[in-house]
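Report on one structure; see the data block that follows.
All of the numbers you see were taken from the coordinates with simple rules; none came from a lab. Small disclaimer: the values here were computed from a predicted structure and weren't measured. Note that each Cβ is placed from the backbone with ideal geometry, even for glycine, and that neighbours are counted across all protein chains shown.
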Amino acid sequence: MKQYMLAHDLGTSGNKATLYHTDGRMAASCVHEYPAYYPAPGWVEQDPEDWWKAVCSSTRELLEKSGISAGEIEAVSFSAQMMGCLPVDVQGKPLRPMIIWADTRAGKEEAFMKERIGMGRGYEITGHRLSASYSAAKLLWIRNHEPQVYHKCRWMLQAKDYIIFRLTGNIVTDYSDASGTNFFDIRKKCWSEEILSALDIDPSILPEPHPSTDIGGRVTREAAELTGLLEGTPVVIGGGDGSCACAGAGVVEEGSAYHVLGSSSWISMASKSPYFDPELRTFNWVHLDPELYTPCGTMQAAGYSYNWYKRTLCQLETMEAEEALISPYERINEGVKKAEPGAGGVIYLPYILGERSPRWDADVRGAFLGMSVTTTKEDLSRAVLEGVSYNLRIILESLKQGRAINDLRVIGGGAKGEAWLQILADIFQMPLKVPVYLEEATSLGAAVCAGVGVGIYPDFSAVKKINPVVREILPQKSLAGRYDKLYTIFNQAYEGLKEVNQGLGEYRMEMEREKEADK
């Protein structure tokens, strides 16, 4: 009797393969890592053959260590990194490595898109700002710099689309991944003729978009031999990692939202229509449920800020944690709890990687402000967590301006830290709900998508039973006034340092040019 679903989560650092029972229990999981390559400053690429090898080996490993037979798997589906650009030829063979989401080389192409389309019009059509981060600018870069590749390109694929091709022989994509390309009309759910015409892109280069729950094909004999799967197993298309996380967190109806607290961090919600922020701070994906959207805002350095702080300033705490056989973050969190809310008047600006939402500022950089001779290490530790939380509050409030948010769930590795959860609840002045699955929500969303696609579940509401809320963090009302005041100062600090950050950005570019000249 078939009773399992296989989800592959194709991330930036590796593929996480997970087997779920149809009742939602996780049966087995494994991770196979692969590298990213950095050929030049701002360039980030991956070899799609590495993804395929990871999918094949992780599938075989899961079947072997779980004791589950290939015949017991109902369907396979995917969550994957978004906003990439992989050109393939008419046989589906990659013509170059994939330019992944983190690559920012296409600055001139971004400017060209703004000139041809206009930022406001692009946002109105796609639900996103026009940016070098998205697939369209990357494809234009290939056209401009690698014309021999561009002229051979039959399709532009995303990561999961390529793996689906290797499994089934079919070329497809889904609405969620399509909505991360800057080519997609998010309301009509089709490729935008206006944008493609303005950029002189042949529409046939883009795969046919489908709902995430559609069956993209079935495992071929060749793919079955390589993966250990049963020939003919249904492959449900799945979606981009953001949309999968949304479904896996249980955010499957309007008014519900979730917050991923990871290296980067985002807040997103379910909505029956896209939300177009007047200040263009947030953006929109299509949900795995094709009737819903996920308005979203992503900041660059959330958990990454805490990781940077640990690596740079917390060597002693790290050594003490190693001796005590605990996580360094547990040791640092002890200091966070000792510090007074408000960190003794110290504010941290969490912009060590520049910023996407809500600032969209490539020049901005991080800072500690308000330090004095009485500032303690504990104050600095708390200031880092509070600074990230202030920034996230801007995203939350911008989404609230357009849609009611009645329910906010928190997932991701950072959701394990009680100190940070309490700080977030206090700064947001909103209860936070924590479900069973935190770091597995993304792959769980893909698994539930597979279940909906083959009829195991009638709709995505099934995930609310599979990943229920197990605890709630309540805000301390007594801190509302204090944090409101500091939140205002946090925003003033960003605005006040704009000119300084622009000057430092120009300085860094000058230094880079001098280094290049010296080579």
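Suppose the chain between Val470 and Ser13 were pulled fully straight at 0.36 nm per residue; how much longer would it get relative to their current alpha carbon spacing?
Details: separation 457, 0.36 × 457 = 164.52 nm, distance 2.96 nm.
This chain segment gains 161.6 nm when fully extended.
Counted by neighbouring Cβ atoms within 10 Å, the residues Phe78, Phe112, Phe283 run from fewest to most as Phe112, Phe283, Phe78.
Put in order of Cβ neighbour count within 10 Å, fewest first, the listed residues Phe490, Phe184 become Phe490, Phe184.
By the rule of a C-alpha distance below 22 Å, with chain neighbours fewer than 8 residues away ignored, the lysines paired with Lys65 are Lys2, Lys16, Lys53. Which shape class applies to segment 457-519: rounded if a/c is under 1.5, otherwise prolate when a/b exceeds b/c and oblate if not, where a ≥ b ≥ c are the square roots of the Cα gyration tensor eigenvalues? Since a/c reaches 1.5 but b/c is at least a/b, the shape of segment 457-519 is classed as oblate.
For the chain, the spherically averaged projection of the C-alpha convex hull amounts to 24.7 nm². Modelled this way, with points 7 Å down the Cα-to-C-beta line, the labels at Asp518 and Ser204 are 5.2 nm from one another.
Modelled label positions at Ser478 and Thr312, each set 7 Å beyond Cα in the direction of Cβ, lie 3.4 nm from each other. In sequence order, segment 239-249 has phi-based couplings of x, x, 4, x, 5, 5, 4, 4, 5, x, 6 Hz under the Karplus curve 6.51 cos²θ - 1.76 cosθ + 1.60, θ = phi - 60°, and Gly or Pro positions carry x.
The alpha carbon convex hull volume per residue for segment 1-160 rounds to 133 Å³. If both residues of a DSSP beta bridge must be in the chain, then about 70% of such bridges are antiparallel.
What the phi angles of segment 321-338 give under the Karplus curve with 6.51, -1.76 and 1.60, with θ = phi - 60°, is a coupling list of 5, 4, 5, 8, 6, 10, 5, x, 5, 4, 5, 5, 5, 4, x, 4, 5, 6 Hz, glycine and proline written as x.
The simple Förster model, with R0 at 41 Å and r as the Cβ-Cβ distance, assigns Trp360 and Val31 a FRET efficiency of 0.80. How far apart, in nm, are two points set 7 Å out from the Cα along the Cα-to-Cβ line at Thr374 and at Gln429? Result for the modelled spin labels: 2.6 nm.
Note: relative contact order over segment 4-237, using C-alpha pairs below 8 Å and six or more positions apart, is 20 percent.
Which of the three applies to segment 207-344, rounded, prolate or oblate, going by the alpha-carbon gyration tensor with a ≥ b ≥ c and a/c under 1.5 meaning rounded?
Judged from the Cα gyration tensor, segment 207-344 comes out oblate (a/c at least 1.5, b/c at or above a/b).
Express in nm, to one decimal, how much length is gained between Lys337 and Asp23 on full extension, taking 0.36 nm for each residue of separation and deducting their alpha carbon distance. Display every interim value, and only then the final one.
Numbers: separation 314, 0.36 × 314 = 113.04 nm, distance 3.86 nm.
Length difference between fully extended and current span is 109.2 nm.
Summing charges over all other residues whose Cβ lies under 15 Å from the Cβ of Glu33, with Lys and Arg as +1 and Asp and Glu as -1, gives -3. For Thr220, what is the net charge nearby, where nearby means another residue's Cβ is under 14 Å from its Cβ and Lys, Arg count +1, Asp, Glu -1? For residues surrounding Thr220, the net value is 0.
List His287, His32 from most exposed to least, where exposure is judged by having the fewest other Cβ atoms within 10 Å.
On the way: His287 30, His32 18.
Taking fewest neighbouring Cβ atoms as first place, the list is His32, His287.
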